[in-house]
Every structure is written in C-alpha cells, then in structure tokens.
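For reference, the structure discussed in these notes is given below.
The values are calculated or read from the model by the stated rules, or taken from the named source; none is laboratory data. None of these values were measured; they are calculated from a predicted model. Cβ sites come from the backbone with ideal geometry, for glycine too, and all protein chains shown count toward neighbours.
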Amino acid sequence: MLFEGSNRVSLIKPSSIRRMLELSAGMKDVIHLEQGEPDFTTPTHILESAIEATRKGFTHYTDTNGTLELREAIAEKLEADNGIEVDPQTEVTVTSGSQEAMLIAALGFLNSGDEALILDPYYPACFEDTLLAEAKPVTVQLDEERDYQIHVEALERKITERTKMIWMCNPSNPTGHVFSKQDIEIIAEVARKHNLIVFADEIYEKIVYDGTRHVSIGSLPSMEDRTITLNGFSKAYAMTGWRIGYVAAGEKLSATLRKLHYYAVLCPNGISQKAAVAALVGPQDCVQEMVAEYSRRRKLVLSELGKIRSLFCTVPKGAFYVFPDFSSFEKSDEAFASYLLKEARVVTAPGSGFGKAGEGHLRISYSVSYEQLEDGMRRIRTCLEHVA
Ligand SMILES: Cc1ncc(COP(=O)(O)O)c(C=O)c1O
C-alpha cells in the first residue's frame, strides 16, 4: 500500500547537502567539505559531567522546558555575553537542538497566508519551516559585492500587511558574514515600525574572527518582547550529537513556543542538559582554542581560493564557512558541485540550496582537520586549473 505524505510535506524540499552526501555515498577517497560539523570531540570536562550525571541516575524526564539549573545558566550567559535579560522561569526554553526551535517558531507564529521575510542567502530550515507552516517565505536578497549590507528600502519594499516575522542568522550560515551594529539597528527599526517578530539565530555567535564584535538584536531597545533569540551548543562546544539548544524570548512569545515544544519533544535530553550546564559554567578556553584553530583553517582556505583566477569571495568574519562565487567557471552550482565531486573527489554544498542569492556559489566548510582541508583545497585548485 502506498501512503502519500501530507500536502504540507509536499511543500518542502530535501536539503541540497543531503543530496550531495547521497551522490558521494560509496565513493572512495572523498574529502567532505559540505557539512557544518565541528571535527573536535566535545571538551573533556563536558563529557565528564555527562558521565557523572549518568552514573548518578539522572536518566529521567526533566522539566519540559529544561532544568531550572540549565535555564539559570543560560539566563546568566545571555546577560553577560549578549546584554539580553530574561527570566529563566518563563523566558528560556531548552530545545532538542536549535533546529527544533525554528520549527516551533514557524508553527507557533505563522498562519496560512502570512509572510516571513528571510535574509538571503539563508539557512534553509527557516525557509522550509515557513512553508511547513503554510506561510510564504519572502526573501530579501543581500548583495555580496556590497558586503551583505542591510538597506531599509530593501526590507520595506518586501513588507505587506501579511508580514509577520523576519528570520535572520548572525553570524550567517552559509556566508560567514557578521552583521554590523548598524545593520542590526536597521532590522530592529523595521521590526518595531511594522510590528514584526524577529527570529535571531545566533548559534555561531562565539565563532568570530579579527576582533569582530557580534551584536544581539534582542539587546536593542524595545526588542525584548518581539525577539526570539536562538542559540545552542552544537557549534561553539562541538556538541552536535547531543541535540541541545535553546530559545530566549519574552514571556508571551515563550508561552506559545512552549506549548508546541511540549508536544514535539516532551522534554530535552536530560544528560545533554547536564553537559550543557558544564559547557556554560565551566572554563571557556576550549571555545577559544577551537576558534583559534578555525581561524588558522580560514586563513588557509582564503589563501587557496585567492590563488584561483576569476573567483570572487568575500572575507567571512564568523562561523566556519566560506561562500565563494564560482559562476565564472560554471553557472549551475549544482552541476559544479557534482563536477568537483567526480573530478576532485571533494564534496561541497551547492549555493542555491541557501537561496537565490547563493546561486553560482559553493559553501565550503572548514570544520574539518587542517590536513583534510589542505588536501581538499589543493584538489579543487588543481581541478580548476584544467577548467580555466
Ligand atoms: C544556522 C544554524 N542554525 C541552526 C542549526 C541547528 O543546530 P543544532 O540543531 O545542532 O543546534 C544549524 C546547524 O547546522 C545552523 O547552521
């Protein structure tokens, strides 16, 4: 018997990264530069705290919204690092990875026919989750050659009476761009003026370079009741497999998120919550050490890309991605990613999977070892020498 998926599911498309993984499955001697997955093992003191919690029998359901211990640690972190004041009792919700938070935000606030603005290039989940909510994703394309600057007019032009929300990711996946305070202020101003919710994905906040300062939109005046700040542990603490993240939002927004969160997950993983507490209250040198290594790798990738003629690439100030424009070699990023896989045995993420503004680009992740990165970049360069 054949069972069709719901109409809702037919609206969304599979991730382009998954497609590349499928294409490369079974191939030998392949370098993977497509995934946003830190190669580091979770720092030891975090592992130890989880092992200890397991031994002590911390194996039961926890509070639906996360243990108060973790919510308090998150609230302290948000105040200290981000200038965001939240009540851990009512305004912090611990989620099963940050990805859950995006879905519950879309389903929680978007009605069928509503519109959500998305800064393009974007992290695909916000686009697909908007569709799942049967709402309309409205992209605002950012101009790479103008360093992805935000312009009031560009946002205003896309606003209608159905616009309800703005999705932003800062630092950006896929570009690695970090929005300036001025850009953040523009988004906040538009959100206040048109009474919009801002969903701010700040999962790469700790991974910034060259003394770049990350500004949280939730810390700006009159933004506390309209901002949903998303963060998590996957990237900064190399904890992708623990599936733990959180959202901070005003009490009313949080109450809606929590209603959905309960039916989606019941509660987040208990052991992971203990590990997350250790991550937040423990020493932070592990984060600095990982960022220093990402910085070294970023230098390598940029230097290798700089050797390729007719290639344009902005210098990213955050995350662990570069997003070069390869369109002078081949207009179709999908075809180009397949070509690199076949000829160079390197897997990259086609840029069009991150929006129209990503067409002709490839996302290269430098969250793999220095050696793999060296090999991967050398292969790409050698391959392109034959094309040029
Ligand atoms: C921008 C962004 N947001 C959210 C997520 C989801 O992270 P997690 O669910 O592992 O916390 C990712 C993962 O790649 C991401 O890149």
**OP:** Enumerate the strands (runs of 3 or more DSSP E) found wholly within segment 170-270, keeping only those where 3 or more residues are out of contact with any Asp or Glu (no Cβ under 8 Å at 6 or more places or on another chain).
**Re:** 197-201, 227-232
Original post:
Could you say which residue among GLY353, GLY306 is over 26 Å from MET168 (Cβ atoms) and small (Gly, Ala, Ser)?
Top reply: GLY306
Original post:
ALA349: under 19 Å from PHE233 (Cα atoms), buried (at least 17 other Cβ atoms within 10 Å of the Cβ) and touching a strand residue (DSSP E or B) at 6+ places or on another chain (Cβ under 9 Å), yes or no?
Top reply: no
Original post:
Quick check: anything in segment 146-156 more than 27 Å from GLY113 (Cβ to Cβ) and among the charged types (D, E, K, R)?
Top reply: yes
Original post:
Counting only residues that are β-branched (Val, Ile, Thr) and surrounded by fewer than 18 Cβ atoms within 10 Å (Cβ to Cβ), which one in segment 159-185 is farthest from VAL247 (Cα to Cα)?
Top reply: THR160
Original post:
Quick one: in segment 158-174, which of the residues that are closer than 14 Å to THR139 by Cα and in contact with a helix residue (DSSP H, G or I) (Cβ under 7 Å, 6 or more places away or on another chain) is farthest from the ligand (Cβ to nearest atom)?
Top reply: LYS164
Original post:
If you go through segment 354-364 one residue at a time, do you hit one that is in a strand (DSSP E or B), within 23 Å of the chain's Cα centre (by Cα) and not aliphatic (A, V, I, L, M)?
Top reply: yes
Original post:
Taking LEU142, is it under 17 Å from MET223 (Cβ atoms) and touching a strand residue (DSSP E or B) at 6+ places or on another chain (Cβ under 8 Å)?
Top reply: no
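Okay, residues lined up against (1) within 16 Å of the ligand (Cβ to nearest atom); (2) at pLDDT below 95:
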| residue | (1), (2) |
| --- | --- |
| LEU280 | yes, no |
| TYR294 | yes, no |
| VAL301 | no, no |
| ALA319 | yes, no |
| PHE329 | no, yes |
| THR348 | yes, no |
| GLY351 | yes, no |
| ARG378 | no, no |
| ARG381 | no, yes |
**OP:** For residues that are in contact with a Leu (Cβ under 9 Å, 6 or more places away or on another chain), of a type outside the set (S, T, N, Q) and away from the ligand (no atom under 16 Å from the Cβ), scanning just segment 84-106, find the one that is nearest to THR256 (Cα to Cα).
**Re:** GLU91
**OP:** Can you give me the number of residues within segment 1-35 that are under 19 Å from LEU341 (Cα atoms) and either in a helix (DSSP H, G or I) or not acidic (Asp, Glu) (or both)?
**Re:** 19
**OP:** Check every one of the helices (runs of 4 or more DSSP H) wholly within segment 36-112 and list those with 1 or more residues that are on the phi < 0 side of the Ramachandran plot, at pLDDT 95 or above and touching a His at 6+ places or on another chain (Cβ under 8 Å).
**Re:** 97-109
Original post:
Which one of these is touching a residue at least 60 places away in the same chain (Cβ under 8 Å) and in contact with a strand residue (DSSP E or B) (Cβ under 9 Å, 6 or more places away or on another chain): THR64, THR54, THR41?
Top reply: THR64
Subject >> Of all residues in segment 210-229 being buried (at least 24 other Cβ atoms within 10 Å of the Cβ) and aliphatic (A, V, I, L, M), the one that is farthest from the ligand (Cβ to nearest atom) >> reply: ILE217
**OP:** Taking VAL281 as the residue in question, decide whether it is out of contact with any strand residue (DSSP E or B) (no Cβ under 9 Å at 6 or more places or on another chain), touching a residue at least 12 places away in the same chain (Cβ under 8 Å) and of a type in the set (Val, Ile, Thr).
**Re:** yes
